[in-house]
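Derivation of every value follows stated rules applied to the coordinates shown; laboratory data play no part. On a predicted model such as this, the values are computed, not experimentally measured, just so you know. Note that each Cβ is placed from the backbone with ideal geometry, even for glycine, and that neighbours are counted across all protein chains shown.
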Amino acid sequence: MTGHFLRNATFAIILLSITPADALAKVYLDINAPATRKLPVGIPVPVPLEGTVPDPVLSGEIRDVLAGDLTFSGVFRVLDPLLYLEDEDQAGIRINTFLFDDWELINSEALIKTGYSVGPSGDVELEFHLFDVFQRRELVAKKWRGTVGQVRRMAHMFANEVMERITGGDGIFLTSILYVQSGGGGKEIHLMDYDGKNTRRITDNGSINLSPSWWPDRSGLIYTSYKEGSPDLFSLSLDGKERRLTRGLGIDVGAKISPDGRTIAFMGSTDGNPDVFLADREGRVRNRLTVLRSVDGSPAWSPDGRRIAFISDRYGSPQIFVMNADGSDVQRVTYDGNYNTSPAWSPTGDLIAYTSRVNGRFGIFLVNPDTLEARPLVGEAGDNEDPSWSPDGRFIAFTSNRTGHYQIYLVDREGRREIRVTSGRRDKFSPSWSPR
């Protein structure tokens, strides 16, 4: 069944119309500024379009997705519906069908209006509008048609449109996270939307499957599995095609593909000594980058593909090192903490996230690989491990057992906001955040 869900997860969302944004596009907020304020936004309950019977469940889902995405972004402050002044039974969603004054009086600077209709065959049409309240003009309008199961996706799509229009940057609301879940004596790889919804199983072989990592183009993943006996690397495409990359050459784990998609870095142990190796996409060419009698592994590519971060215990305890992609110019970058592992290089290239044991507990830390300046990010409760960056470099997914079971959490790179996106009694770990 490996990859079965992927073959059935196609989308047929139809873009029905586009209203171009204002030709003089304005960036309202700089999300990279040190102290960016949050833009107040009103999101009234979506309304049924002409000929559609009201569906509170559908309208609630649309609003929940939009409000959840924009709140998570850290860019917006979604206003409490108790503050809203307009009569939702009378107001429309298009310009000249509602009063901007109702929103200006509660200091809403942006406004999102949404409508929906349900066809006789069950297809859903969603219409979205983003307005600048103070300038009393429409910024973006979109209309999509899809199935009921695609409503969340369409709402995520518009949240991305809002992010692009307000900040000039791309949203991450259509991204996904791979993770490993324990249960039934094995460990299987699962996939979920970035917000923890739409969870589905990828592997279903009853064995131990570990260390999932995305291909750079998001069309597949690499992981380690014991399903053929030895811990070997497998590659799975999103159309369900799987290839075995290594065969019984020792322990092959922690594979990461280079940004150009041509080279795999992984920890191998062909002679019993764990080292960092490189191979092509087929796993055929093996080039050993580290040669000391130490444990070297957990490679992580820099976003330009020129350097690789990795762990090594060559000086006693595991620490984070950086080397060129050909294995030259090895530099140590962590000195605090007596057990540092799981490096993850930021897509912006300026930071490496890693797991560090301090005072007997594991936390998430950040280090600049050039200045060696390090700081804690997460670690006040439980053990926090396995960092993975969002594709925009603004957030990190990680694992924590602070509630008794390991679950997946998200945190912004300043450590100010954390949310848990999984639940249940089974441990979930090793998150891998997808590219856009």
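Note down, for the chain, the three equivalent ellipsoid semi-axes (square root of 5 times each alpha carbon gyration tensor eigenvalue), biggest first, whole angstrom.
Equivalent ellipsoid of the chain: 43, 24, 19 Å, largest first.
Under 30 Å Cα to Cα from K241, which lysines show up? Leave out anything in the same chain fewer than 8 places away.
K187, K197, K227, K256, K428
Once every DSSP H run of n ≥ 4 in the chain is given -39500 (n - 2.57) and the sum is divided by its residues, what mean residue ellipticity at 222 nm do you get, rounded to the nearest 500 deg cm²/dmol?
Helix-only estimate at 222 nm: -3000 deg cm²/dmol.
Give me the dipole magnitude in Debye, nearest 20, for region 12-167 about the Cα centre, with unit charges on the beta carbon: positive for Lys and Arg, negative for Asp and Glu.
Dipole size: approximately 540 debye.
Principal axis lengths of region 176-433 from Cα atoms, whole Å, largest first?
Sorted from largest, the Cα extents of region 176-433 read 44, 41, 31 Å.
If each residue of separation counts as 0.36 nm, what is the full-extension length gain between N401 and R293 once their alpha-carbon separation is subtracted?
Computed gain between N401 and R293 is 35.6 nm.
Which Cα, out of A344, P231, T422, lies furthest along the positive dipole direction of the chain (beta carbon charges, K/R +1, D/E -1)?
It is P231.
What list of whole percents do you get for P(r) of region 51-93, with Cα-Cα distances grouped in 5 Å bins up to the one holding the largest distance?
5, 17, 19, 28, 19, 9, 3, 0
State, to one decimal in nm², a quarter of the convex hull surface area for the C-alpha atoms of region 53-143, i.e. the direction-averaged projected area.
Quarter of the Cα hull surface area: 6.4 nm².
Measuring from a point 7 Å past the Cα of L174 along Cα-to-C-beta, which residues in region 383-417 have an amide N at less than 16 Å?
Inside the label zone: 391-392.
Eigenvalues of the Cα gyration tensor times 5, then square-rooted: what semi-axes does that give for region 12-167, in whole angstrom, largest first?
24, 18, 15
Among 297-310, 410-423, what's the highest-first ranking by average C-beta atoms within 10 angstrom per residue?
In decreasing order of mean packing, 297-310, 410-423 become 297-310, 410-423.
Binning every alpha carbon pair distance of region 383-425 at 5 Å from zero, what are the percents per bin?
For region 383-425, the pair-distance distribution reads 6, 24, 33, 23, 9, 4, 0.
How long is the gain from D271 to V358 if the chain were fully straight, where each residue apart is worth 0.36 nm and the alpha carbon distance is subtracted?
28.1 nm
Show me 201-207, 187-193 ranked by packing, highest mean number of other Cβ atoms within 10 Å first.
187-193, 201-207
Taking 8 Å as the Cα distance limit and 6 or more residues as the minimum spacing, I'd like the relative contact order of the chain as a percentage.
This gives 10 percent for the chain.
Rounded to the nearest 10 degrees, what's the angle between the helix 151-167 long axis and the longest principal axis of the chain, both from Cα atoms, 0 to 90?
In the chain, helix 151-167 runs at an angle near 90 degrees to the longest axis.
Given charges of +1 on the Cβ of Lys and Arg and -1 on the Cβ of Asp and Glu, with all other atoms neutral, how large is the dipole of the chain about its Cα centre, in debye to the nearest 20?
Using Cβ point charges on Lys, Arg, Asp and Glu, the chain gives about 1340 debye.
With only alpha-carbon atoms counted, please give the Rg and Dmax of region 268-410, in Å.
Looking at region 268-410, its Cα Rg and Dmax stand at 15.2, 44 Å.
Once the dipole of the chain is set up with Lys and Arg at +1 and Asp and Glu at -1 on Cβ about the Cα centre, which of F362, S211, F128 lies farthest towards its positive end?
Checking the options against the dipole of the chain, the answer is S211.
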